[in-house]
1. Answer yes or no: is there a residue in the stretch 41-61 that is closer than 23 Å to GLU88 by Cα and part of a strand (DSSP E or B).
2. Do we find that ILE55 is touching an Asp or Glu at 6+ places or on another chain (Cβ under 8 Å), at negative phi, surrounded by 14 or more Cβ atoms within 10 Å (Cβ to Cβ) and not basic (Lys, Arg) in this structure?
3. Within the stretch 123-154, count every residue that is free of Cβ contacts under 8 Å to residues at least 60 places away in the same chain and either in contact with a Gly (Cβ under 6 Å, 6 or more places away or on another chain) or among the aliphatic types (A, V, I, L, M) (or both).
4. Determine which member of the set TYR101, TYR105, TYR90 is surrounded by fewer than 19 Cβ atoms within 10 Å (Cβ to Cβ), in the same structural domain as ALA157 (by TED's automatic domain parsing), within 17 Å of ILE56 (Cα to Cα) and among the hydroxyl-bearing types (Ser, Thr, Tyr).
5. Give PRO134, PRO181 a once-over and let me know the one that is modelled with pLDDT under 95, exposed (fewer than 14 other Cβ atoms within 10 Å of the Cβ), in a loop (DSSP other than H, G, I, E, B) and within 22 Å of the chain's Cα centre (by Cα).
6. Just the residues that are hydrophobic (A, V, I, L, M, F, W, C) and exposed (fewer than 13 other Cβ atoms within 10 Å of the Cβ), please, taken from the stretch 153-178.
7. Residues being touching an Asp or Glu at 6+ places or on another chain (Cβ under 8 Å) and closer than 20 Å to LEU132 by Cα: count how many of those fall in the stretch 61-115.
8. Among the residues of the stretch 137-152, how many are modelled with pLDDT of 90 or more and surrounded by fewer than 17 Cβ atoms within 10 Å (Cβ to Cβ)?
Amino acid sequence: MLDYAEPVTRLIDEFKRLPGIGHKSAQRLAFHLLKSSQEDAERLADAIREVKARIIFCSTCNNLTDVDPCRFCANPARDRSIICVVEEPYNLVAIEKTREYHGAYHVLHGALSPIRGIGPEDLRIRNLLERLRPGPDGESEIREIILATNPNTEGEATANYLGRLLKPLGVRVTRIAMGLPVGSDLEYADEVTMHKALLNRHEM
């Protein structure tokens, strides 16, 4: 195997630490940077430094932001009585693209995964419970929690755990519907997806 100069090897190793980047992808990224101009490389380095220096967690919903509270929590037009719980900040972006949801958010920054050693204490659940505390009138401002965790084993486990945790608090807990994606064919659906699609059917 060809031995690269130590700085190149180090750069490849750093890229390999990124999620979804294998050895070949890391090599391509490293050599792309080597071919880039000094200005391009510095612009990338500056962007990385800036995002690490300026981006924080919103103290209310845990979204990534450069101001606290984030623009969703600070927006008076949002319906604060509904909270949509998602696993990661990029899930929030996917929901916003629909332009149909106008409530608040809560980002867990992960999902329950016993295999990977991720338990409830590793997720940002505590400040979700704090948001459900009753106000001066003895009533909680929150009337519904939408669990929008991913439709996989870890997401389902997280939704089930949160459902059991939140229901006794008297708040309505709902789960996003799951089933067949628009534009797909039935023949490509696995049995779990087909089951969910039938379970979540609605009247025409």
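The values are calculated or read from the model by the stated rules, or taken from the named source; none is laboratory data. Just so we're clear, the structure is a prediction, and the values are computed from it rather than from any experiment. In this analysis, Cβ positions are derived from the backbone assuming ideal geometry, glycine residues included, and neighbour counts consider all displayed protein chains.
1. Just the residues of the stretch 41-61 that are closer than 23 Å to GLU88 by Cα, to begin with: 47-61.
Checking which are part of a strand (DSSP E or B) leaves us with 56-57.
Yes, that holds for at least one residue.
2. no
3. Summing the residues that are free of Cβ contacts under 8 Å to residues at least 60 places away in the same chain and either in contact with a Gly (Cβ under 6 Å, 6 or more places away or on another chain) or among the aliphatic types (A, V, I, L, M) (or both) in the stretch 123-154 gives 5.
4. That would be TYR90, the only listed residue that is surrounded by fewer than 19 Cβ atoms within 10 Å (Cβ to Cβ), in the same structural domain as ALA157 (by TED's automatic domain parsing), within 17 Å of ILE56 (Cα to Cα) and among the hydroxyl-bearing types (Ser, Thr, Tyr).
5. PRO181
6. Listed by number, the list holds a single entry, ALA177.
7. Looking only at that region, the number is 10.
8. The qualifying residues number 3.
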